[in-house]
Amino acid sequence: DIYFSFFKLLLHSGNVNSKMLSGLLTGIHRAFPFSNVSDDVFEEHIDSLFKISHTTSFNKSIQSLQVLYQVMGTRKTISDRFYNALYERLTSLDIHHSSKLTLALNLLFRAIRDDPDSARIASFVKRLLQIAQISHAGLACGILVLLGEIAKVKPILRTITLLKQSTTTGSAYI
């Protein structure tokens, strides 16, 4: 509850690009499994966390998405809004110079692994392969390892990569 109090104060001050925000997001992520905070407290801050994921640097947005995934994952209600925000952040140019690539790839693995929508998984895979083509070697290798691990967990991925994308899917992610 202390972390969320500081979080609320920081948001009201308007200084969302500070190192304090990064520290608070890390603290919330680490303390969450041990907290007894009610769902109402999280509901109050979910919109703020999504706003941070859209408006701040890649590093802070990945941290906010990680907190959102953790909160939503415990309730078994990972929303389309989360996947849209995560997909959008993959288009950021900051990804190539990020110090949180490990965190981002880990979050991507967990999110794709738990996603029941095969069209969305295919879209994430296509986007990750596009990023790997233009990235430095470390990120490209990380993405390929990530896709290999996802293929072990999601056998549908092998089928998706072998079949040509149907034009009738109408997915918003492609």
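Here are the numbers:
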read-out: All helices (runs of 4 or more DSSP H) inside segment 49-142 with 1 or more residues being open to solvent by 50 Å² or more (accessible area, probe 1.4 Å) and closer than 22 Å to Leu24 by Cβ; value: 58-75, 80-89, 101-113
read-out: Unmet requirement for Tyr83, which otherwise passes all of (1) of a type in the set (Ser, Thr, Tyr); (2) under 11 Å from the mean Cα position of the chain (by Cα); (3) more than 21 Å from Ala122 (Cα to Cα); value: (3)
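Table: residues versus (1) out of contact with any Lys or Arg (no Cβ under 9 Å at 6 or more places or on another chain); (2) of a type in the set (A, V, I, L, M, F, W, C); (3) under 19 Å from Leu105 (Cα atoms); (4) touching a residue at least 12 places away in the same chain (Cβ under 8 Å).
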| position | (1), (2), (3), (4) |
| --- | --- |
| Ser22 | no, no, yes, yes |
| His29 | yes, no, yes, yes |
| Asn36 | yes, no, no, no |
| Ser53 | no, no, yes, yes |
| Ser57 | yes, no, yes, yes |
| Ser64 | no, no, yes, yes |
| Arg75 | yes, no, no, yes |
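The values are calculated or read from the model by the stated rules, or taken from the named source; none is laboratory data. Here the structure is a predicted model, which means the values were calculated and not measured. Note that each Cβ is placed from the backbone with ideal geometry, even for glycine, and that neighbours are counted across all protein chains shown. Keep in mind that these areas ignore ligands, DNA and RNA; they rest on the heavy atoms of the full protein, side chains included. Shrake-Rupley method; radii C 1.70, N 1.55, O 1.52, S 1.80 Å.
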